[in-house]
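To keep things clear, I will list the structure first and then write my remarks on it.
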Amino acid sequence: MILILGGTAEARALASELAARQVPVMTSLAGRVANPGLPAGEVRIGGFGGPAALSDWLRDHEVSAVIDATHPFAERISNSAAIGCASAAVRLLRLERPGWSERADDRWTWVEDLDEAASAIRGRRAFITTGRQGLSAFATTDSWCLIRCVDPPAPPLPRHHELLLDRGPYTLDGELELIDRHGIEVVVTKDSGGEHTRAKLDAARARGRPVIIVQRPARPSADTVATVEEAVAWAVHSG
Ligand code: NAP
């Protein structure tokens, strides 16, 4: 069986492709989102309990290969996969979509983390699209923030904010409308990459708004592909 570490659109697409080819596949989700879009094939939900427990789990379930298709900012599970697979002698592939650096222009400011992003908005009306986790970095900002995420975030949140619960993919027209309606002066994002959430970057550019972008964290070294098609080819070979 192939285990996909999921939680992304690419992981869902990969599970569909493998299930359609009769490759036995299970997707693992962290269980963060209340109503996740469930992938094809088997699904398990919840943490493994760290790298050693993941390694045991892989052996117990006779997993032949793991594809880490988690989000580029999900650092801990990728580290766990690298250690757990090495210890269980299971092959590991990382499926990681390219970031957005090729789209950058001189209105983009790259920052290392959310704390730096919070300092960089400096009193401007900000559209925060960095997800539910880590929003406490913005708790002490005086800026008004439009915060968009899938599920309600836990406090502390910025003193002046509006919460928008929504799930991509987003459209250019929709993002332009948000920027105009809320008088957004700066957009804050992670370098997540992909098409589903890209429209905000096009909208910011169309309206001449700056973007503050959090760069990706370092990853453990692993064989890596950028597309679902490449991951399918690898899995068919490994399954
Ligand atoms: P994380 O910090 O790397 O993971 C924290 C812990 O959650 C891990 O140590 C692991 O618990 C568990 N976990 C994470 N992903 C898992 C998975 N696919 N299957 C089983 N357990 C998992 O991850 P995160 O940033 O909280 O993200 C959680 C999930 O949301 C990931 O699956 C990711 O693909 C998705 N996601 C994240 C972001 C983001 O910006 N971080 C954005 C969109 C989607 P144990 O140590 O107990 O095994």
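Working note: Karplus 6.51/-1.76/1.60 with θ = phi - 60° gives region 193-199 the couplings x, x, 8, 5, 10, 6, 4 Hz, where Gly and Pro are set to x.
Eigenvalues of the alpha-carbon gyration tensor of region 108-232, scaled by 5 and square-rooted, set the equivalent ellipsoid semi-axes at 24, 18, 14 angstrom, largest first.
Using only alpha carbon pairs under 8 Å that are at least six residues apart, calculate the relative contact order of region 136-224 and give it in whole percent.
Reported as a whole number, the value is 23 percent.
Here's how it looks for Val214: its modeled amide H is under 5 Å from those of Val111, Thr189, Lys190, Asp191, which are all 5 or more places away or on a different chain. In order along region 32-49, phi translates into HN-Hα couplings of 6, 9, 4, 10, x, x, 7, x, 5, x, 6, 9, 10, 10, x, x, 8, x Hz, rounded to whole numbers, per the Karplus curve 6.51 cos²θ - 1.76 cosθ + 1.60 with θ = phi - 60° and x for Gly and Pro.
Which loop trypsin sites (Lys or Arg not before Pro) in region 134-178, with loop taken from DSSP, have no more than 16 other Cβ atoms within 10 angstrom of their Cβ? Each step should come with its number before you reach the end.
Numbers: sites: Arg148, Arg159, Arg167; in loops: Arg159, Arg167.
Listed in order of number, the matching sites are Arg159, Arg167.
The slack between Leu163 and Leu38, meaning 0.36 nm per residue of separation minus the straight C-alpha distance, is 42.5 nm. Taking amide hydrogens as placed 1.01 Å from N in the peptide plane, the amide H of Ile45 sits under 5 Å from those of Leu29, each at least 5 positions away in sequence or on another chain. Around Arg103, with a cut-off of 9 angstrom between Cβ atoms, what is the net charge of the other residues, counting Lys and Arg +1 and Asp and Glu -1? Neighbour charge sum, excluding Arg103 itself: -1.
Overall, the anisotropy analysis places region 1-103 in the rounded class: the square-rooted eigenvalues a ≥ b ≥ c of its C-alpha gyration tensor yield a/c less than 1.5.
Here the contact order of the chain, divided by its residue count and restricted to Cα pairs under 8 Å and six or more residues apart, works out to 22 percent. Taking 0.36 nm per residue of separation and subtracting the Cα-Cα distance, full extension of the segment from Glu116 to Ile83 would add 8.9 nm. The distance between label points at Ala52 and Phe73 comes to 3.1 nm (points 7 Å beyond Cα on the Cα→Cβ vector).
Both radii come from the Cα set of region 54-121: Rg as radius of gyration, Rh as Kirkwood radius; their ratio Rg/Rh reads 1.17.
Rounded to the nearest whole Hz, the Karplus-based 3J(HN,Hα) values (6.51 cos²θ - 1.76 cosθ + 1.60, θ = phi - 60°) of region 8-23 follow the sequence 9, 5, 5, 5, 5, 5, 5, 4, 4, 4, 6, 4, 5, 9, 6, 7, with x at glycine and proline. Taking amide H as placed 1.01 Å from N in the peptide plane, the amide H of His161 sits under 5 Å from that of Cys145, each at least 5 places away or on another chain. Inter-label distance, Arg21 to Ser221: 2.8 nm, where each label sits 7 Å from its Cα along the C-beta direction. Compute log10 of I(q)/I(0) for the chain with the Debye formula, placing one identical point scatterer on every Cα and leaving out solvent, at q = 0.09, 0.11, 0.17, 0.18 Å⁻¹, to two decimals. Here log10 of I(q) over I(0) equals -0.41, -0.61, -1.21, -1.29.
Remark: the Asp60-His196 segment gains 45.4 nm on full extension, using 0.36 nm per residue and subtracting the alpha carbon distance. Excluding ligands, DNA and RNA, the accessible surface per residue across the chain is 48 Å² with a 1.4 Å probe. Across region 163-203, the relative contact order, built from alpha-carbon pairs under 8 Å that are at least six residues apart, equals 61 percent. Per atom type, region 148-209 shows carbon and sulfur on 51% of its accessible surface, probed at 1.4 Å. Here region 52-174 has an Rg and Dmax of 18.7, 54 Å, counting Cα atoms alone.
Taking every alpha-carbon pair within region 88-158, the share separated by more than 18 Å comes to 51 percent. Helices in the chain, meaning DSSP H runs of at least 4 residues, each add -39500 (n - 2.57). Divided by all residues, the mean residue ellipticity at 222 nm is -9000 deg cm²/dmol.
The values are calculated or read from the model by the stated rules, or taken from the named source; none is laboratory data. Remember, it's a predicted structure, so these values are computed and weren't measured experimentally. For neighbour counting, all protein chains shown are included, and Cβ atoms are generated from backbone atoms with ideal geometry for every residue, glycine included. Note: accessible area is taken over every heavy atom of the protein model, side chains too, but ligands, DNA and RNA are not part of it. Shrake-Rupley method; radii C 1.70, N 1.55, O 1.52, S 1.80 Å.
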